[in-house]
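Any read-out appearing in this document is the output of simple, stated calculations on the displayed coordinates, not a laboratory observation. Everything quoted here is computed from the prediction, not taken from an experiment. We place every Cβ from the backbone using ideal geometry, glycine too, and count neighbours over all the protein chains shown.
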Amino acid sequence: MAVEIRLSEKLTEEERRALFLWGEDIFGAEDLQYRWRPKDLHFVTEDDGRPVSHVGLVKHAVSVAGRAVRVGGVGGVVTVPEAQGRGHAQRGMRHAAEFMRHEWGVEFGLLFCRDPLVPFYERLGWQLVGEPVEVEQEDGPVVCTLNVMVLPCDGRAWPAGPVSLNSFPW
């Protein structure tokens, strides 16, 4: 069994279908009716040449108490059902974190997630943001109803204060 994680600027249609179209509302967020930002880069885990897991990234600056903070946004984290429980998402997240630190030099990773996923991300070093986070939507900014988590990439603590994403969530 050959498992490989590769970085890609764009998913093929076959990869997109395999990774995201295997079930209804796979992220459990359709009811929010958010508009999501496309990812800039994709870490795709392949098992014997088949795409089985994905971690998407965006490079962005958010505003915290009026200060620009450079973040690597993580989104679209998913593993197909038949490959779940084998550590694919965990390895993909670690690859993404190393890339954000060393290639992008961001201050923090930032992601959005539902309650059941908080413990998974906490085990990987991510921390909940205690302040409300405002995200852009078609009709203007709204306070995000998902959990927002950050990963310190350069040893600093997440700054206190109101957070404005200045973007659609990812």
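Could you list, in sequence order, all residues of region 1-31 that are in contact (Cβ under 8 Å) with a residue 24 or more places away in the chain and of a type in the set (Val, Ile, Thr)?
Val3, Ile5, Ile26
Please go through region 146-160 and pick out each residue that is surrounded by fewer than 13 Cβ atoms within 10 Å (Cβ to Cβ) and in contact (Cβ under 8 Å) with a residue 12 or more places away in the chain.
Passing the criteria: Asp154, Arg156, Ala160.
Scan region 115-132 and report the pairs whose first residue is touching a residue at least 24 places away in the same chain (Cβ under 8 Å) and whose second residue is exposed (fewer than 14 other Cβ atoms within 10 Å of the Cβ) and not in a loop (DSSP other than H, G, I, E, B), with Cβ atoms within less than 6 Å and a gap of 6+ or a chain change.
Partner pairs satisfying both residue conditions: Pro132/Val143.
When you go through Asp48, Asp40 one by one, which is the residue that is touching a residue at least 24 places away in the same chain (Cβ under 8 Å), at positive phi and of a type outside the set (Gly, Ala, Ser)? So that I can check it myself, show each step before the final result.
Values: Asp40 fails: at positive phi.
The match here is Asp48.
So which residues in region 66-80 are over 13 Å from the mean Cα position of the chain (by Cα) and farther than 24 Å from Trp22 by Cβ, if there are any at all?
Gly66, Arg67, Ala68, Val69, Arg70
Can you confirm whether region 32-50 contains a residue that is part of a helix (DSSP H, G or I) and within 18 Å of Asn147 (Cα to Cα)?
To start, the set of residues in region 32-50 that are part of a helix (DSSP H, G or I) comprises 32.
Imposing the further condition that a residue be within 18 Å of Asn147 (Cα to Cα) reduces the set to 32.
Yes, that holds for at least one residue.
Could you give me the residue pairs with C-beta distances under 9 Å whose first residue belongs to region 93-105 and is touching a residue at least 60 places away in the same chain (Cβ under 8 Å), whose second residue is small (Gly, Ala, Ser) and surrounded by 17 or more Cβ atoms within 10 Å (Cβ to Cβ) wherever it lies, and which are 6+ apart or on separate chains?
Phe99/Gly72
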